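Colleague: Below you will find the structure I want to go over with you.
The values are calculated or read from the model by the stated rules, or taken from the named source; none is laboratory data. Small disclaimer: the values here were computed from a predicted structure and weren't measured. Using ideal geometry, Cβ is built from the backbone for each residue, glycine included, and neighbour counts are taken over all protein chains shown. SASA here: full protein model, heavy atoms, side chains in, ligands and nucleic acids out. Shrake-Rupley method; radii C 1.70, N 1.55, O 1.52, S 1.80 Å.
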Amino acid sequence: MSETTGKNIQIGVSACLLGQEVRYDGGHRRDNFITDTLGGFFELIPVCPESEIGMGTPRETITLAGDPGAPGLIAPDSGRNWTQEMGDWSNNRSRELAGEDLCGFVFKKNSPSCGLYKVPVIQENGETLPLGRGFFAASFVRFYPLVPVEDEERLSDAGLRENFLVRVFAYQRVKEVFSGVWQSGAIEDFHNREKHLLLAHSPQHYDELCRLIADLRDFRPAAFHEQYLSLYMKALSAKATMSQHMDTLQDITSHLRGKLSSEEQRRLIEVIEDFRGGGCTLAEPVGLLRSYFEMHQVHDMTDLSYLNPYPPELMNCPAE
């Protein structure tokens, strides 16, 4: 199991979601799941573009306007145009965040500065199209395309929350293995531990990574690092399907063949089938497999990332 407990992992968060009174009306949008649950595992780095740029609190509202692909940022009441200023600030702030070594970011939904998806964009005819992306969110994603990002509303969806957490901890692991002067053997060991997690998300990317590993010694270290990191994170961005989960669980379970009692085997089959039918979360079969591997001393399976994607305390933690 990874030594990472999460407390050394930093993720960015829109400041209003942490309860900071930085919104246009002087209020906040404190999200208990982020502050109380994620805050117990991560160091949360607050960012509020509108406050940090000097708009003041409270302040007039701003909105995206014009071309949804390249909107302007306008204050409708005064007509003040913040497009250039917010664009420059967002790029500078994104560069600064390189020093924070972030492994993820949770943005405020629908914000003209922080919204990730379907932010309203006002057209000349007054029509509103939900097609935009907030200025700072767009800049951050452009600067750090591999860093996992989500908004607070999407984290209430169990599947999206699971995928975000998997990617945050995976990003930390892959950065750790490539830190300093890394050795090819350490990369190969890492790849073997990640095998089942990658297969559950994207068998195609896993095959590409295997080919990359096979040719590892033909690469310059920097080039290999760049290609492996990109493929690895793209693999985990793919949604793990039930079929791929079942194939992965079956493969992992095969390593217990001949070791389980009839009652243990019956229980394992029952829990896996319950997961297939939607009667329990992945945490149930994963936790049972972990305990069986430890109990029967199958030591080479206990540190698989698929069985330890992130701290067990987070696996059954619902978003509020």
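Colleague: Going 7 Å from the Cα of Glu100 toward and past its Cβ, which residues in region 107-142 have a backbone nitrogen under 20 Å from where you end up?
Modeller: Only 107-117, 133-142 fall inside the zone, counting backbone N under 20 Å.
Colleague: Same structure again: Just grab the label-to-label distance for Asn81 and Val181, each label 7 Å out from Cα along the Cβ direction, in nm (one decimal).
Modeller: With each label placed 7 Å out from Cα toward Cβ, I get 5.5 nm.
Colleague: Please state, as a whole number in µm²/s, the translational diffusion coefficient that the Stokes-Einstein equation yields for region 2-80 at 20 °C and 1.002 mPa s, with Rh defined as the Kirkwood radius across alpha carbon pairs. Write out the running numbers ahead of the final one.
Modeller: Numbers: Rh = 14.4 Å.
The estimated diffusion coefficient comes to 149 µm²/s.
Colleague: Just to confirm the number: angle between the C-alpha axis of helix 262-276 and the first principal axis of the chain, 0 to 90 degrees, nearest 10?
Modeller: 30 degrees
Colleague: Sticking with this one: With both partners inside the chain, how many of the DSSP beta bridges are antiparallel, as a percent to the nearest 5? Don't jump to the answer; show the numbers that get you there.
Modeller: Values: 8 of 20 bridges.
Just about 40 percent of them are antiparallel.
Colleague: Work the Kirkwood hydrodynamic radius out for region 47-181: mean of 1/r over every pair of different alpha-carbon atoms, inverted, in Å.
Modeller: 15.9 Å
Colleague: In region 232-246, which residues have a backbone nitrogen under 12 Å from the label point lying 7 Å from Phe219's Cα in the Cα-to-Cβ direction?
Modeller: From region 232-246, the list is 232-233.
Colleague: More than 16 Å apart: what percent of Cα pairs in region 201-255 qualify? The partial results should precede the final answer.
Modeller: Numbers: 751 of 1485 pairs.
Percentage above 16 Å: 51.
Colleague: Same structure, new question: Got a sec? What order do Asp303, Asp31 fall in by accessible area at 1.4 Å, biggest, i.e. largest, first? Please report the intermediate quantities before stating the final value.
Modeller: Values: Asp303 55, Asp31 30 Å².
Reading off the accessible areas and sorting them downward yields Asp303, Asp31.
Colleague: I would also like to ask the following. How large is the accessible surface of Arg193 in square angstrom, using a 1.4 angstrom probe and rounding to the nearest 10?
Modeller: 80 Å²
Colleague: Heavy-atom accessible area per residue, the chain, 1.4 Å probe: how many Å²? Numbers along the way, then the final one.
Modeller: Values: 15170 Å² over 320 residues.
Using a 1.4 Å probe on heavy atoms only, each residue of the chain averages 47 Å².
Colleague: In addition: Please tell me the relative contact order of the chain in percent, rounded to the nearest whole number, where contacts are Cα pairs under 8 Å and at least six residues apart. Before the final figure, lay out the partial values.
Modeller: Values: 453 pairs, mean separation 49.3, N = 320.
The normalised contact order for the chain reaches 15 percent.
Colleague: Taking the radius of gyration and the Kirkwood hydrodynamic radius from Cα positions alone, what is the Rg/Rh ratio for region 126-237, to two decimal places? Spell out each step's value before the answer.
Modeller: Working: Rg = 16.5 Å, Rh = 15.7 Å.
My calculation puts Rg/Rh at 1.05.
Colleague: Next up: Could you estimate the translational diffusion coefficient of the chain from the Stokes-Einstein equation, with Rh from the Kirkwood formula over C-alpha pairs, at 4 °C and 1.567 mPa s, in whole µm²/s? Mind showing how you got there, number by number?
Modeller: Working: Rh = 21.5 Å.
D, rounded to a whole number, is 60 µm²/s.
Colleague: When the scattering of region 78-125 is computed by the Debye formula from its Cα atoms alone, each counted once and equally, what is log10 I(q)/I(0) at q = 0.22, 0.31 Å⁻¹?
Modeller: Log-scaled intensity ratios, in q order: -1.01, -1.18.
Colleague: Using only helices, what value at 222 nm comes out for the chain when you add -39,500 (n - 2.57) per DSSP H run of length 4 or more and divide by the total residues, to the nearest 500 deg cm²/dmol?
Modeller: Working: 11 runs with 138 residues, N = 320.
My calculation for the chain gives -13500 deg cm²/dmol from helical runs alone.
Colleague: Measure nothing but the geometry: give the 0 to 90° angle between the long axis through the Cα atoms of 221-237 and the longest principal axis through the Cα atoms of the chain, rounded to 10°.
Modeller: 90 degrees
Colleague: Let me ask you something else. Within the accessible area of the chain, what % is carbon and sulfur when the probe is 1.4 Å and the other protein chains stay in place?
Modeller: Values: 7230 of 15170 Å².
It is 48 percent, rounded to a whole number.
Colleague: Next question. Could you estimate the translational diffusion coefficient of region 223-290 from the Stokes-Einstein equation, with Rh from the Kirkwood formula over C-alpha pairs, at 4 °C and 1.567 mPa s, in whole µm²/s?
Modeller: On the way: Rh = 13.8 Å.
The estimated diffusion coefficient comes to 94 µm²/s.
Colleague: Starting from the Cα-Cα distance between Asn32 and Ala158, subtract it from 0.36 nm times their residue separation and give me the gain in nm to one decimal. Kindly include the intermediate steps, with their values, before the conclusion.
Modeller: Numbers: separation 126, 0.36 × 126 = 45.36 nm, distance 1.58 nm.
So the extension gain works out to 43.8 nm.
Colleague: In Å³ and rounded to a whole number, note down the convex hull volume per residue for the Cα atoms of region 177-299. Provide the component values of the computation, followed by the final result.
Modeller: Numbers: hull volume 14.5 nm³, N = 123.
Taking the convex hull of the Cα positions in region 177-299, it is 118 Å³ per residue.
Colleague: Hey, got a sec? Which GluC sites (Glu not before Pro) in region 109-200 land in a DSSP loop and have at most 11 other Cβ atoms within 10 Å?
Modeller: Working: sites: Glu124, Glu127, Glu150, Glu152, Glu153, Glu162, Glu176, Glu188, Glu194; in loops: Glu124, Glu127, Glu152, Glu153.
Here the sparse-neighbourhood loop sites are Glu124, Glu127.
Colleague: Can you pull out the trypsin sites (Lys or Arg not before Pro) in region 85-145 whose DSSP state is coil and whose Cβ has at most 15 other Cβ atoms within 10 Å? Present the calculation step by step, with values, prior to reporting the outcome.
Modeller: Details: sites: Arg93, Arg95, Lys108, Lys109, Lys118, Arg133, Arg142; in loops: Lys108, Lys109, Lys118, Arg133.
Filter output for region 85-145: Lys118.
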